[in-house]
Amino acid sequence: MTRPPRPPRTPPPIAKRAPIIFAAALATAFRVFVAAPSVVTFFSPDEYWQSLEVAHHAVFGYGALTWEWTHRIRGFMHPLLFAAVYKALSVMGLDNSALFILAPKILQAMFAAAADVSVYLLAKRLYGPGPARWALFASLVSFFNFFCATRTFSNSIETSLTSLALLFWPWPGTSSEGVARRELLSLSIAAFACILRPTNVVIWLVMGTDRLARLNWMGRTSLISRAIAVSILAVAISVAVDSAYYGEWTLAPLNFFYFNVARDIATFYGSNPWHWYLSQGVPLVFFTHTPFVVWAAFAPNPPDSTRIATRLVVATVAVYSALPHKEFRFVMPLLPVVCVEAGRALHAWRVDAAERRRPRFFWTAIGFTVLLNALAGLYLGLVHQRGVTDVMHWLRNERSLGGVLFLMPCHSTPLYSYLHRNVPTRYITCHPPLSHSLATPYLDESDIFYKDPRKFFESYFSNQLGNRTLPWPDPPNSTLYVDGQEYAIEKYFWPSHVVLFEALLNDVAPLFEGSGYAQCLSLFNSHFHDDWRRKGNVVVFCDEQPR
């Protein structure tokens with residue numbers, strides 16, 4: 001008697017999930033234990049001043065807020081994440097430990113790891129396990145991901161939410177099982193990404209238009225109704241959070257649009273030519289992944305998902321290029337789909353190299369890719385512009401600290417999110433022209449200061465510097481109006497510590513002669529800088545005389 005054939009053996013659930021578990025463990029370990037502690041440099045003020053400083057002010061009741069928060073154009077949902085971290089540290093009595101600075105990075109690192117895993121799972125859904133492994137490699141090896149993903153930018157969490165939303169999005173060629181549930185989940189995540197960064201709506205207009213074109217009339221009605229429902233819910237939650245924070249009814253995204261788009265205030269902080277993303281932004285952010293993405297887009301007979309990904313990148317870059325204010329981190333939310341397509345290209349190249357028996361060339365290219373990204377990531381994360389964060393660590397532990405004056409371009413350092421000491425601080429401001437109506441050109445405080453530092457000192461600073469009376473009359477009032485401008489400057493006093501860049505040293509050092517102040521610290525900041533005001537070391541003068 002013959003035995004019936006055994007049914008095919010199905011692997012246990014843990015075996016099926018082993019690759020996902022490994023990808024999650026690898027991504028989490030890399031982001032939390034490597035990237036988060038290794039990125040210690042300064043990149044852009046928004047990393048601190050639009051998130052951590054706001055959270056610190058909300059939790060501890062002291063700190064500094066920029067004009068965006070006094071005019072209610074920023075939403076509190078992003079700082080709320082870090083406010084929860086600060087509150088937890090405070091309750092546990094850990095807010096004076098090293099964890100105070102590291103904990104927000106660890107939280108952001110967890111979001112970054114979720115983005116890495118989403119890239120892996122999306123590539124697996126679209127192209128299979130081989131391309132998925134290479135997509136994860138592309139996400140982890142990307143120097144810009146390493147440099148930015150664990151920073152507390154709203155763009156960083158926007159990128160994580162975008163990758164999660166793209167994972168659940170019903171791409172063509174994927175399983176239709178549970179499509180309604182996945183579509184609703186994707187739309188919900190996307191809605192909150194748009195609340196955090198209103199420009200993220202461009203990505204979902206592209207994805208939604210493609211989806212609508214592939215649906216029948218009933219499907220279109222269902223998609224539009226779901227999108228409207230989750231948008232209303234997200235806006236309602238945003239309004240509730242912002243209104244509770246500001247103490248009055250607030251619709252921050254509308255205020256954001258009014259100031260930055262309708263009134264074009266964003267241009268005050270810099271404008272770039274229309275081709276900037278093509279000539280600088282995209283090549284730097286995509287970096288070594290650029291040729292792989294180009295190959296994926298132009299290879300013969302690309303799958304529908306690649307066509308959609310290509311349209312997404314092209315359309316988003318085109319829209320962003322029409323906006324005058326451009327930054328590298330603004331195109332960061334495109335990195336997840338770029339890594340997915342790079343994974344497909346790398347897998348195809350690997351297969352082709354094996355078939356042609358030319359693996360050495362392939363692995364040499366991979367080695368160069370890893371090396372270039374590692375060098376760029378480590379230099380930018382550990383070396384370039386680290387003095388402005390190192391000085392805050394030093395000030396935090398300085399026992400004689402009675403106050404700090406930053407003679408630097410505005411927001412050149414973190415502030416209370418690193419200092420975490422309730423001492424007075426002052427810095428040169430750079431408020432935009434919110435109500436300028438005079439015929440004279442608008443100059444902010446930083447413009448006036450760097451135009452003639454000596455004249456600025458004589459006009460707006462106390463003439464009493466330690467033991468020395470400076471050779472100019474003391475300003476008569478505490479509020480001093482600026483010629484040709486509609487704003488006033490509060491009179492400056494000299495605190496116990498003065499921080500500046502070496503570029504300003506020749507203008508400032510003579511003032512301290514015979515005053516009891518001395519240069520007490522000089523920290524390396526950068527080998528080069530495109531802003532002459534930020535060149536050289538970070539220098540600190542300290543009042544060394546007992547008062």
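The values are calculated or read from the model by the stated rules, or taken from the named source; none is laboratory data. Just so it is clear, the structure is predicted and the values come from calculations on it, not from any experiment. Here the Cβ positions follow ideal geometry from the backbone for every residue, glycine too, while neighbour counts run over all protein chains shown. Side chains are part of the model used for accessible areas, which takes the heavy atoms of the whole protein and leaves out ligands, DNA and RNA. Shrake-Rupley method; radii C 1.70, N 1.55, O 1.52, S 1.80 Å.
Between helix 13-29 and the chain there is an angle of about 20 degrees, using the helix long axis and the longest principal axis of the Cα atoms.
I'd like the trypsin sites (Lys or Arg not before Pro) in the stretch 61-152 restricted to DSSP loop residues with at most 16 other Cβ atoms within 10 Å, sorted by number. Answer in residue order: no site qualifies.
Cysteine residues of the chain whose C-beta has no other cysteine C-beta under 4.7 angstrom: Cys148, Cys194, Cys339.
The angle between the Cα long axis of helix 359-382 and the main principal axis of the chain comes to about 30°, on a 0 to 90 degree scale. Find how many whole Å separate the alpha carbon centroid of the stretch 333-391 from the alpha carbon centroid of the stretch 187-266. Between the Cα centres of the stretch 187-266 and the stretch 333-391 lies a distance of 34 Å. The accessible area of Ile157, taken with all protein chains in place and a 1.4 Å probe, comes to roughly 10 Å².
Each distinct pair of alpha carbons in the stretch 356-495 adds a 1/r term; the inverse of their mean, the Kirkwood radius, is 19.1 Å. Once the Cα-Cα distance is subtracted from the 0.36 nm per residue extended length, the Arg220 to Ile20 segment shows a gain of 68.7 nm.
The residues neighbouring Tyr62, those whose beta-carbon lies less than 12 Å from its own, together hold a net charge of 0 under the Lys/Arg +1, Asp/Glu -1 convention. Tell me the label-point distance for the pair Ile232, Ser400, using the 7 Å Cα-to-Cβ offset, in nm and rounded to one decimal. Taking the two extended label points, one gets 6.4 nm.
In plain terms, the chain from Asn467 to Phe528 could stretch by 18.3 nm, reckoned as 0.36 nm per residue minus the Cα-Cα distance.
If you rank Ser526, Ser459 by how much accessible surface each has, with a 1.4 Å probe, what is the order from largest down?
Largest accessible area first, the residues go Ser459, Ser526.
Mean residue ellipticity, 222 nm, helices only, the chain: the sum of -39500 (n - 2.57) across DSSP H runs of n ≥ 4, divided by residue count and rounded to 500, is -16500 deg cm²/dmol.
Computed across the stretch 396-472, the Kirkwood hydrodynamic radius from all distinct Cα-Cα pairs reaches 14.9 Å. With a Cα cut-off of under 24 Å and a minimum spacing of 8 residues unless on different chains, the lysine pairs in the chain number 7.
Between the amide H of Cys520 and those of Val540, Phe541, Cys542, distances stay under 5 Å, these residues lying 5 or more places away or on another chain, with hydrogens modeled in the peptide plane.
Computed from Cα atoms alone, the Kirkwood hydrodynamic radius reported for the stretch 68-193 is 16.3 Å.
Computed with the Debye formula from one identical point scatterer per Cα of the stretch 332-376, without solvent, the log10 of I(q)/I(0) at q = 0.33 Å⁻¹ comes to -1.04.
Under Stokes-Einstein, with the Kirkwood radius over Cα pairs as Rh, the value for the stretch 491-537 at 10 °C and 1.306 mPa s is 131 µm²/s. Counted residue by residue at 0.36 nm each, then reduced by the alpha carbon distance between them, the extension gain from Leu212 to Leu65 reaches 48.7 nm. Per-residue 3J(HN,Hα) values for the stretch 280-297, derived from phi via the Karplus relation 6.51 cos²θ - 1.76 cosθ + 1.60 with θ = phi - 60°, read 10, x, 5, x, 6, 5, 6, 6, 6, 7, 4, x, 5, 5, 4, 4, 4, 6 Hz in sequence order (x marks Gly and Pro). Among the listed values [x] 1.02; [y] 1.00; [z] 1.05, the one matching Rg/Rh (Cα atoms, Kirkwood Rh) as calculated from this structure is [x]. Between 0 and 90 degrees, the angle of helix 154-168 with respect to the longest Cα principal axis of the chain falls at about 10 degrees.
Site pair Tyr246 and His275 shows an inter-label distance of 4.1 nm when each label is modelled 7 Å from Cα along Cα→Cβ.
Which value, to two decimals, describes the C-alpha radius of gyration of the stretch 31-96 once divided by 2.2 N^0.38 Å? Don't skip to the answer; put the middle values down first.
Numbers: Rg = 13.1 Å, N = 66, 2.2 N^0.38 = 10.8 Å.
Scaled against compact globular proteins, the figure is 1.21.
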